[in-house]
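The values are calculated or read from the model by the stated rules, or taken from the named source; none is laboratory data. Please read these numbers as outputs of a predicted model, since none were measured by experiment. Don't worry about glycine lacking a Cβ; one is built from the backbone with ideal geometry, like all the others, and counts go over all protein chains shown. The accessibility values were calculated without ligands, DNA or RNA, using every heavy atom of the protein model including side chains. Shrake-Rupley method; radii C 1.70, N 1.55, O 1.52, S 1.80 Å.
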Amino acid sequence: MKSELIENRIIVWNIEDSKKLFSEGYYGKPIGMPKPKIEEIDVPLILDLIEGYYLLEKKKITITKLKQKIKTEEMIEICKNEVHDFEKKYIVYKDFREKGYIINPGIKFGFDFAVYEKGPGIDHAPFLIQVYNRNEPITSTGIVLAGRLATTVRKQFILAIPKGKDKVDFLALDWWKA
């Protein structure tokens, strides 16, 4: 499937390819469709850089920029320049995808990722993920703020801490009334 890198987004222009990618794992967002149903998709699909790189690595898409094909090595450099802590976030993204979860940007919740068990529009994301560096200090105030926000939107707050090139440690926090 062909796609095009435009600034910091990847567009799948072909509508049939858009439907197929979306139906195979809820990749991307159909442009202008807030709650898309697969059969209703009739617009191009927009991918963020992390999921675009994942699909490129899995050989599900090709990416061009100004009609020139982008290689995996080039794409990783673009991602590193555009996405803060790309390598760590990508390890977490890939870990969840490989386990069969649907993982989307969690920016609307103030987190790195929102994770679904079945998919957006089918179920609500039960988990909100924040990626931390192993040596990064985590304040108690930061934990409480994240936990309160996650609880308010009825989701579990999970800290993801990449370990090496393909391992991730997780710490899930639950809040309850005493």
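So that you can scan it fast, the table gives a plain yes or no per residue for (1) open to solvent by less than 30 Å² (accessible area, probe 1.4 Å); (2) in a strand (DSSP E or B); (3) at negative phi:
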position	(1), (2), (3)
5	yes, yes, yes
11	yes, yes, yes
19	no, no, yes
22	yes, no, yes
27	yes, no, yes
32	no, no, no
35	no, no, yes
39	no, no, yes
51	yes, no, yes
Requested in this report: Take the residues in the range 53-64 that are assigned to a loop (DSSP other than H, G, I, E, B) and open to solvent by 10 Å² or more (accessible area, probe 1.4 Å), then tell me which one is farthest from residue 103 (Cα to Cα).
Outcome: 59
Query - Selection within the range 131-178 - open to solvent by less than 100 Å² (accessible area, probe 1.4 Å), in contact (Cβ under 8 Å) with a residue 60 or more places away in the chain and not aliphatic (A, V, I, L, M) - result: 162
Query raised in the report: Got a number for residues in the range 100-144 being β-branched (Val, Ile, Thr) and under 15 Å from residue 26 (Cα atoms)?
Result: 4
Report summary line: By residue number, the members of the range 91-114 that are open to solvent by 50 Å² or more (accessible area, probe 1.4 Å), assigned to a helix (DSSP H, G or I) and of a type outside the set (Val, Ile, Thr) are 94, 98, 108
Report summary line: Those residues of the range 115-132 which are within 21 Å of residue 54 (Cα to Cα) and part of a loop (DSSP other than H, G, I, E, B) amount to 117, 118, 119, 125, 132
Query raised in the report: Just wondering, is there one or more residues in the range 137-159 that are in contact with a helix residue (DSSP H, G or I) (Cβ under 8 Å, 6 or more places away or on another chain), in a loop (DSSP other than H, G, I, E, B) and modelled with pLDDT of 85 or more?
Result: no
**Report entry** Unmet requirement for residue 43, which otherwise passes all of (1) open to solvent by less than 10 Å² (accessible area, probe 1.4 Å); (2) among the β-branched types (Val, Ile, Thr); (3) farther than 19 Å from residue 94 by Cβ
**Finding:** (1)
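So if I check each of 78, 46, which one is part of a helix (DSSP H, G or I), of a type in the set (Val, Ile, Thr) and under 22 Å from residue 2 (Cβ atoms)?
Testing whether each residue is part of a helix (DSSP H, G or I), of a type in the set (Val, Ile, Thr) and under 22 Å from residue 2 (Cβ atoms) leaves just 78.
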**Report entry** Among (1) more than 18 Å from residue 38 (Cα to Cα); (2) open to solvent by 40 Å² or more (accessible area, probe 1.4 Å), the one test that residue 128 misses
**Finding:** (2)
